[in-house]
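Right, one structure below, let's go through it.
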Amino acid sequence: MSFVKHLYSASKQISSSISPDQNTTAFKEVAIVRHPRVGEYAMGFITSCVVLQRDDGDEELCSVYVPTNHLYIGDIFLVNSKEIIRPNLSVREGIEIIVSVGMSMPQLLTPIERVTR
């Protein structure tokens, strides 16, 4: 029974944090990342960043949540922050694009300059 309680608590926290009606900062920025096939990209949301310490130098990785079924089911990718395209979209606009299954996609996307963290 405690497993169900834990699962419910986590699900409730996730759904409230990514709900478009909430005033939240769960999604930091909209992100476009390369998909495994050449010429494909996926749209997602940066949720956090972490520094990976390696022998040959530190690497900043961003956790990018890529929804696969509207907003509530998706994959998490750790992507080098230099490889993320940050389009000129607000998080709200990104959510609208995902929920509308791409029908509200603007005609032109331009990347914003990378903000130094």
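Condition check for Arg86 on (1) open to solvent by 40 Å² or more (accessible area, probe 1.4 Å); (2) of a type in the set (D, E, K, R); (3) at pLDDT 95 or above: one failure, at (1).
Consider Val30 carefully, then state whether it is modelled with pLDDT of 95 or more, loosely packed, with under 12 Cβ neighbours inside 10 Å and of a type outside the set (Ser, Thr, Tyr). Here the answer is no, as Val30 does not meet what is asked. Taken as a whole, the condition of being within 9 Å of the chain's Cα centre (by Cα), within 20 Å of Ile112 (Cβ to Cβ) and small (Gly, Ala, Ser) applies to Ala31.
Please specify each residue of the stretch 51-75 satisfying the condition of being of a type in the set (D, E, K, R) and surrounded by fewer than 10 Cβ atoms within 10 Å (Cβ to Cβ).
Answer for the stretch 51-75, where residues must be of a type in the set (D, E, K, R) and surrounded by fewer than 10 Cβ atoms within 10 Å (Cβ to Cβ): Arg54, Asp55, Asp56, Asp58.
Contact map, the stretch 72-99: residues that are more than 23 Å from Val50 (Cβ to Cβ) paired with residues that are of a type in the set (A, V, I, L, M, F, W, C) and part of a loop (DSSP other than H, G, I, E, B), Cβ distance under 7 Å, separation 6+ or inter-chain. Pairs shown: Asn88/Leu109; Asn88/Ile112; Ile95/Leu71; Ile97/Met105; Ile98/Leu71; Val99/Leu71.
The values are calculated or read from the model by the stated rules, or taken from the named source; none is laboratory data. Computed from a predicted structure; not experimentally measured. Cβ atoms come from the backbone with ideal geometry, glycine included; neighbour counts cover every protein chain shown. Calculation scope for accessible area: heavy atoms of the full protein, side chains included, ligands and nucleic acids excluded. Shrake-Rupley method; radii C 1.70, N 1.55, O 1.52, S 1.80 Å.
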